[in-house]
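Since every read-out is calculated from the coordinates, none of them should be taken as a lab result. These numbers come from a predicted model, not from an experiment. Glycine also receives a Cβ, built like all others from the backbone with ideal geometry; neighbour counts cover every protein chain displayed.
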Amino acid sequence: MSYKVGIIGSGVAGMASAIRLATAGHQVEVFEANAYPGGKLSEIRLGSYRFDAGPSLLTLPALIDELFELAGEDPARYFTYQKLEVNCEYFYPDGVKISAHADHEKLIEEIIRNTAERPENVRKALAKSRLLYDHLSELFMFSSLQDPKTFISRPAFKAYKKLHQLGFFQSMNSANASTFDDPRITQMFNRYATYNGSSPYKTPATMNIIPHLEMSLGAYFPSGGMHNITLALYKLAKRVGVTFHFEQPVEQIIIEKNRVKGLMTGGLQLNFDRLVSNMDIVNSYRKLMPDLKAPKFLLNQPKSSSALIFYWGVGKKFPQLGLHNILFSGDYKGEFEHIFQQGSISQDPTVYINITSKYQPSDAPEYGENWFTMINVPNNQGQNWDHLIAEARKNILYKISSTLGEDLAPLIEGEEIQDPRTIESKTSSALGALYGNSSNNLFAAFLRHANKSRRVQGLYFCGGSVHPGGGIPMSLSSAKLVAKYFH
């Protein structure tokens, strides 16, 4: 049966849902408040500098290829990417630098040359991450936790047999600190908690599944930068017949007798058989369905961290930096306490610098580099952000200049800033939280909203604020789960 489907939001999950549903024979229209597609996966231009505005790391690119294959297209004709040989350059406060090679033996060699870590500990951690992925990915990333059949499935029984090894009952930091001898390597593995906006001191050790995605399955760089994912999916969606309406925010989801009737946009009611909301789940309820009884317990779960990003056009090249760079804090635990307990920013934050011009020279002038410079910060709780940003900028510049041995400030030729307030306003993310709910407790995976509404027939949800979680692979997976419900 063919349905007329309306999709609210053109983030990566919204577009992936549109492609999947259109290729299945449904008539699909996408409504987007912004003038451009992609949501967080957009771009910024400052003179001759180009920046990916949001997500900067690509893993599991096969999930994108799959969308082209569904449409009978050869992915390589439209979207290409290369595997990174060095996933990240790590800089520690004591002057130690580690190049995280994708090749495990090179990585281990680099670690033992620069730290007091034993090679067997690194191998043990990589093997444990693989074990977690092998036993939990199908269950938590690619299945619906709201479907009782999931818990009596083959992947579920596979996981039950290894339950004692899956880290549900200790924190990520506790597991890593007991694995490694050198606290610098504990810190390296702890940082993966930030990939879903959580604290390694609170999130369960099951989150040690994340290193496997990057360190073993691989990190990739898409030709043209991350924004090219948006452009490729947008073009594919249009080729399979999806209609896009830009600068057309949805004002209301219309429900009659617990069933979707359509949506309101520009004061007009448009009727649809089914609706998929790619809007943040909190705003989906509070802004679009204010009269519907909301699942308050799920919506009121603690939210993830946010980000403060400085897009800097830097008028010099720094060969010691790579595509991905981390300048670690000297007090990692204190940094997360500032974010999650105090709602503030540490004086010594961990700084992430993404420089796509290392792989895409056209993103910066010949003499310079495009720096996406980010720190993790609390979500928006009404803080004095102007003061916090000014202080953070000063501390970030000091940290970078000290690490590189050169004053960075005079080299900055252009600047744009994104903070939790602008993230909230541009992407409708509640409180500017990048990943919806945080994963700072044992049951977080079970406390994300389902992809199909139990209250309203014909209503579905996708994106980083619902199951299975934040980040590009999870968002693409949410679209796949939505499409499954249509069968």
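Numbers for the structure displayed
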| quantity | calculated |
| --- | --- |
| Relative contact order (%) - criterion: Cα under 8 Å, at least six apart; region: segment 305-427 | 40 percent |
| Relative contact order, percent, the chain [alpha-carbon distance under 8 Å, six or more residues apart] | 23 percent |
| Rh (Kirkwood; distinct C-alpha pairs) - segment 305-427, Å | 14.9 Å |
| Nonlocal amide H pairs with residue 58, under 5 Å, H built at 1.01 Å | 220 |
| Neighbour-count order for 201, 311, fewest beta carbons within 10 angstrom listed first | 201, 311 |
| Over the chain: helical MRE at 222 nm, DSSP H runs n ≥ 4 each giving -39500 (n - 2.57), nearest 500 | -9000 deg cm²/dmol |
| Pairs of Lys in segment 305-427 closer than 22 Å at Cα, counting only those 8 or more apart or on different chains | 9 |
| Share of pairwise Cα separations in segment 119-217, more than 20 Å, in percent | 36 percent |
| Ordering of 58-67, 377-386 by packing [mean C-beta count within 10 Å, highest first] | 58-67, 377-386 |
| Rounded FRET efficiency, nearest 0.05, which uses the C-beta distance separating residue 271 from residue 165 and R0 of 51 Å | 0.50 |
| Centre separation in Å (Cα based) which lies between segment 282-356 and segment 1-59 | 22 Å |
| Order by protection proxy (mean Cβ within 10 Å, highest first), peptides 429-437, 279-287, 358-366, 451-459 | 429-437, 279-287, 451-459, 358-366 |
| Where labels lie 7 Å past Cα in the beta-carbon direction, separation of residue 412 and residue 96 in nm | 3.0 nm |
| For peptides 12-25, 340-353, sequence by mean Cβ density within 10 Å, most packed first | 12-25, 340-353 |
| Zone of residue 146's modelled label, taken as backbone nitrogen in segment 265-284 under 19 Å from a point 7 Å along Cα→Cβ | 273-284 |
